[in-house]
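Everything on this sheet refers to the single structure shown next.
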Amino acid sequence: MIFSFIDTVRRYAEEPLTRQILLDALKAYKRPYDKLHELVRSGELIQVKRGVYVPGPNMAVEKPAGLLLANHLWGPSYVSLETALSYWGMIPERVYEISSVTLKTSKTYKTPVGRFSYAHASVPYYSFGIRRVALTEKQAVLMASPEKALCDKIVMTSGVALRSISQTRDFLLEDLRLDEEAVRALQTPVIESWVKDAPKGASLAMLVKTLEQL
């Protein structure tokens, strides 16, 4: 493997590698497509989906975080739902599937580096409460704020309709097993400002009422 290729991979290692980046790095080869396939077969590269790669187990190069990869696989999108709730320390469970919200159609990817799911949301609701979170010096991911992640969970869970404070409290603390201190720290005015433009606006209004009484 020639130096220029390794140098390119290292330069881009903390973000997904596109086919175009790799083919440009392999242009010294007579058949760069064949060389790219050879690198995948040998474990130097992993093909996550068509046209998207990450360094493989046989290449000692830093890989992009799964959260960052989620932003690139299907976008525009941001990490949310259980994944964001876990990241913000609001639920005790470790999450193995990375869940996101997208402007596109809902989709699921089962890849060699993990499972990624995407739930659809429309504007303007989609654009509320998205943060840019720095994972490392070189990696930053678009992620739902704690408030938005919880609202997304309510909005996108089939059959959930919050009609009373007691029911909502049970849903938050018993069903979702949210950390009560983290729930109390949520900014209710922010959620309230989303209600009129949100799916399940009545449920989110009840969420606000419940949070104000915790």
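Computed values, structure above
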{"read-out": "Selection within the stretch 43-93 - acidic (Asp, Glu) and either modelled with pLDDT of 95 or more or buried (at least 21 other Cβ atoms within 10 Å of the Cβ) (or both)", "value": "Glu82"}
{"read-out": "Residue that is in contact (Cβ under 8 Å) with a residue 24 or more places away in the chain, touching a strand residue (DSSP E or B) at 6+ places or on another chain (Cβ under 7 Å) and surrounded by 14 or more Cβ atoms within 10 Å (Cβ to Cβ), where the choices are Ala198, Ala140, Ala182", "value": "Ala140"}
{"read-out": "Looking only at the stretch 146-159, and only at residues there that are touching a residue at least 60 places away in the same chain (Cβ under 8 Å) and either outside the structural domain of Pro124 (by TED's automatic domain parsing) or within 15 Å of Ala182 (Cα to Cα) (or both), the one that is surrounded by the fewest Cβ atoms within 10 Å (Cβ to Cβ)", "value": "Pro146"}
{"read-out": "Complete set of residues in the stretch 100-141 that are part of a strand (DSSP E or B) and β-branched (Val, Ile, Thr)", "value": "Val101, Thr102, Thr108, Thr111, Ile130, Val133, Val141"}
{"read-out": "Unmet criterion (only one of (1) touching a strand residue (DSSP E or B) at 6+ places or on another chain (Cβ under 6 Å); (2) assigned by TED's automatic domain parsing to the domain that holds Ser117; (3) not hydrophobic (A, V, I, L, M, F, W, C)) for His72", "value": "(1)"}
{"read-out": "Among the residues listed as Val190, Val160, the single one being outside any loop (DSSP other than H, G, I, E, B) and either within 22 Å of Ile98 (Cα to Cα) or modelled with pLDDT of 95 or more (or both)", "value": "Val190"}
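The values are calculated or read from the model by the stated rules, or taken from the named source; none is laboratory data. What you see is a predicted model; the values in this text were computed from it and never measured. Cβ sites come from the backbone with ideal geometry, for glycine too, and all protein chains shown count toward neighbours.
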